[in-house]
Amino acid sequence: MGFLVQFVVFMLFPWFLSVRAEENYSSQHCDFPAIFNFGDSNSDTGCMAAAFYPEVLPYGETFFHEPVGRASDGRLIIDFIAQHLGFPFLSAYINSIGTSYRHGANFAAGSSTIRRQKRTVFEGGTPFTFEIQVAQFNQFKARTRKFFNQDAQGKNSFRGHFPRPEDFAKAIYTFDIGQNDIAAAINKVDTEDSHAVISDIVDYFENQVQTLLGLGARTFWIHNTGPIGCLPVAMPVHNAMNTTPGAGYLDQNGCINYQNDMAREFNKKLKNTVVKLRVQFPDASLIYVDMFSAKYELISNANKEGFVDPSGICCGYHQDGYHLYCGNKAIINGKEIFADTCDDPSKYISWDGVHYTEAANHWIANRILNGSFSDPPLSIAHSCHAQ
């Protein structure tokens, strides 16, 4: 009996050491030197404001006390990611004034899509689609490498404003894009095959991620798209409807079911693509983050978490089918209306009917950064260990 016990211990000991080694390895924090972010207005920290028209108050009022190119009253999820990893806020790549790219750059742009667009900025579009953002990154990386090669002696004082060439492979690459593609598909749901469109969107995403992999990126933190049917500006309560929505049109939170179903289909196909890329690139770490579930959990428990009804909009005028967005003025029914802010943005999930408040972004960031909504279930600080 004693021999059997010794034999079992002897056989299990190497396995035990292997497990402990794996645990220790995955428990080590990733030493990311930089963040490179790609996305739309959910993570734009100043691209569209620098390129076209800057935002006006009350945007930015809560944390920055002035407009800073963010579609919120304060910080975005990407800001909380940067803070969590010990970095300053990311500078928008296109912003030329007072910026530093030492710890990364933000290529995200409001109104951006994964697929190419046919809309100008005057029609609510942007030239900075995902494909262009990746091209900007490629140029930024190449020019940074050239700059360091030309300054081999390290005498140029501007070196401190840029990542080192070796930082690009060690950096974390974050993504939050796709919502505007789904919105476009929703608007054409009666004229296009939405299933084919969503598959095409995901294919475009995959192509750009493969481009980044070819450029040496190895750690990816990929957000899926949120519950677009829960954006208050689309809810019947803020729109003039001649008929009462039929059974099944809305869920228990007042969200539009078919719109959320389209988001779920996109997310399912996106996750399948991430899984496929893991097989193709075993030396890369690709984390899929279920942003939909994190946001929907907040919406479902709004009152419990200290927020008003999730249909509430802090800043803007959205009544009887009239939509006047935050900070604007207009004459509606013979009366001048100013789309002002609420008294306490921290009580609202929605800032302007489309984007989230700082308080909601903070709540969501706290849930996703620890790995609770990640596949595999790793925190962002350990996300380089998924391969």
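The values are calculated or read from the model by the stated rules, or taken from the named source; none is laboratory data. Treat the numbers as computed from the prediction; the structure is a model and nothing was measured. Reconstructed Cβ throughout: ideal geometry from the backbone, glycine too, with neighbour counts over all protein chains shown. Remember, those area values only see protein heavy atoms, side chains included, never the ligands or the DNA or RNA. Shrake-Rupley method; radii C 1.70, N 1.55, O 1.52, S 1.80 Å.
Fully extended, how many nm does the chain gain between residue 145 and residue 119 (0.36 nm per residue separation, minus their Cα-Cα distance)? Each step should come with its number before you reach the end.
Details: separation 26, 0.36 × 26 = 9.36 nm, distance 3.43 nm.
Extending this stretch completely gives an extra 5.9 nm.
Between residue 237 and residue 56, 0.36 nm times their residue separation minus their Cα-Cα distance comes to what? Working shown, then result.
Details: separation 181, 0.36 × 181 = 65.16 nm, distance 2.69 nm.
Extra length from residue 237 to residue 56 when fully extended: 62.5 nm.
Averaged per residue, segment 179-288 has 43 square angstrom of accessible surface, using a 1.4 angstrom probe with ligands and nucleic acids left out. Converting phi to 3J(HN,Hα) with the Karplus coefficients 6.51, -1.76 and 1.60 and the offset θ = phi - 60°, segment 51-66 yields 7, 10, 10, x, 6, 10, 4, x, 4, x, 5, 6, 9, 8, 6, 6 Hz in sequence order, with x at every glycine or proline.
Defining a contact as two alpha carbons under 8 Å apart and six or more residues distant in sequence, what relative contact order in percent does segment 296-353 show?
Numbers: 95 pairs, mean separation 23.0, N = 58.
With pairs under 8 Å counted, the relative contact order is 40 percent.
Note on the chain: with a GNM built from Cα contacts shorter than 10 Å, the maximum mean-square fluctuation among 219, 144, 174 falls on 144. For segment 291-371, the set of GluC sites (Glu not before Pro) satisfying both a DSSP loop assignment and a count of at most 15 other C-beta atoms within 10 Å is given as 305. Here is how the number arises for the chain: DSSP H runs of 4 or more residues each give -39500 (n - 2.57), the sum is divided by the residue count, and the result at 222 nm is -11500 deg cm²/dmol. Extension gain for residue 215 to residue 200 (0.36 nm times residue separation, less C-alpha to C-alpha distance): 3.1 nm.
Here's the list of aspartates and glutamates a cross-link from residue 170 could span, going by alpha-carbon distance under 12 Å and ignoring same-chain residues fewer than 8 apart: 31.
Taking a straight Cα-Cα cut-off under 19 Å and skipping sequence neighbours fewer than 8 places away in the same chain, the aspartates and glutamates within cross-link reach of residue 146 are 166, 167. The mean accessible area for residues of segment 83-168, using a 1.4 Å probe and ignoring ligands and nucleic acids, is 55 Å² per residue. Can you pull out the trypsin sites (Lys or Arg not before Pro) in segment 256-317 that DSSP calls coil and that have at most 12 other Cβ atoms within 10 Å? Answer in residue order: 304. In a DSSP loop and with at most 12 other Cβ atoms within 10 Å, the GluC sites (Glu not before Pro) in segment 129-231 are 166, 192. Label separation (residue 159 vs residue 366): 4.2 nm, computed from points 7 Å beyond Cα along the C-beta direction.
So what is the relative contact order for segment 97-171, in percent, with contacts set as C-alpha pairs under 8 Å and at least six apart? Can you show the working numbers first?
Details: 64 pairs, mean separation 25.5, N = 75.
Value for segment 97-171: 34 percent.
Across the chain, the relative contact order, built from alpha-carbon pairs under 8 Å that are at least six residues apart, equals 17 percent.
Carbon and sulfur: what percent of the chain's accessible surface (1.4 Å probe)?
Numbers: 9820 of 18550 Å².
Here it works out to 53 percent.
Show me the helices of the chain, taken as full DSSP H stretches, that run 27 Å or more along their long axis by Cα and average -1.0 or above in Kyte-Doolittle hydropathy. TM-like helix candidates: 2-27, 130-150, 194-214. With R₀ set to 22 Å, the beta-carbon distance separating residue 301 from residue 264 gives a calculated FRET efficiency near 0.65. Taking amide hydrogens as placed 1.01 Å from N in the peptide plane, the amide H of residue 250 sits under 5 Å from those of 257, each at least 5 positions away in sequence or on another chain.
Only lysines eight or more places from residue 268 in sequence, or on another chain, were considered; those with a Cα closer than 28 Å are 118, 188, 276, 295. Farthest toward the positive end of the dipole of the chain, out of 52, 144, 247, is the Cα of 144, where the dipole comes from beta carbon charges about the Cα centre.
Here's how it looks for residue 178: its modeled amide H is under 5 Å from those of 114, which are all 5 or more places away or on a different chain. Label sites at residue 280 and residue 330, each approximated as a point 7 angstrom past Cα along Cα to Cβ, lie 4.3 nm apart.
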